[in-house]
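What follows is calculated from the coordinates using simple rules that are stated; it is not laboratory data. Just so it is clear, the structure is predicted and the values come from calculations on it, not from any experiment. So basically every Cβ, Gly included, is an ideal-geometry build from the backbone, and we count neighbours across all protein chains shown.
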Amino acid sequence: MAKLLFNITNGTNNPTKASLGFMLARTAVEEGHEVQVFLNADAVSLIRKPVLESLVGLGTGKLSEHFNILVDANVPIYVSAISCEIRGVTEKDLKEANSIKVFPKTLLNLSLQADRTFVY
């Protein structure tokens with residue numbers, strides 16, 4: 001099985017693309033792959049509980065359904081510290097979403113360690 005990184009940059013500005021990244025990460029988990037998710041830029045807003053519970057992509061389903069499966073499978077969900085600061089995502093938001101705030105170096109390292117990286 002492959003080690004896969006899903007780098008999601010789209011947020012509420014493009015709910016279908018944002019949800020698609022999570023849907024494919026979920027699919028990879030269900031297929032037995034090792035998955036990691038990194039949220040940066042506008043995607044950090046997806047971690048907020050109201051957004052997580054309400055966002056639905058066209059043909060990609062509810063974000064919360066995909067997210068919950070990833071959390072249940074213990075998939076690490078990394079969130080850009082810089083993007084969080086700029087967009088007002090708080091420690092409470094991260095705690096409620098079981099996510100880890102990190103700096104850009106982490107994205108570089110995850111990308112170098114992954115067999116494949118998908119960007120949404």
**Asked** Radius of gyration and Dmax for the range 3-119's Cα atoms, expressed in Å?
**Response** 12.7, 35
**Asked** Tell me, what HN-Hα J-couplings in whole Hz come from the Karplus equation 6.51 cos²θ - 1.76 cosθ + 1.60 at θ = phi - 60° for each residue of the range 34-45, using x for Gly and Pro?
**Response** 7, 10, 9, 10, 10, 9, 9, 6, 5, 5, 4, 5
**Asked** How high is the FRET efficiency between Ile86 and His33 when r is their beta carbon distance and R₀ equals 41 Å, given to the nearest 0.05?
**Response** 0.85
**Request:** Assuming R0 = 30 Å, can you tell me the calculated FRET efficiency for the pair Asn98 and Asn13, based on Cβ-Cβ distance, to the nearest 0.05?
**Result:** 0.80
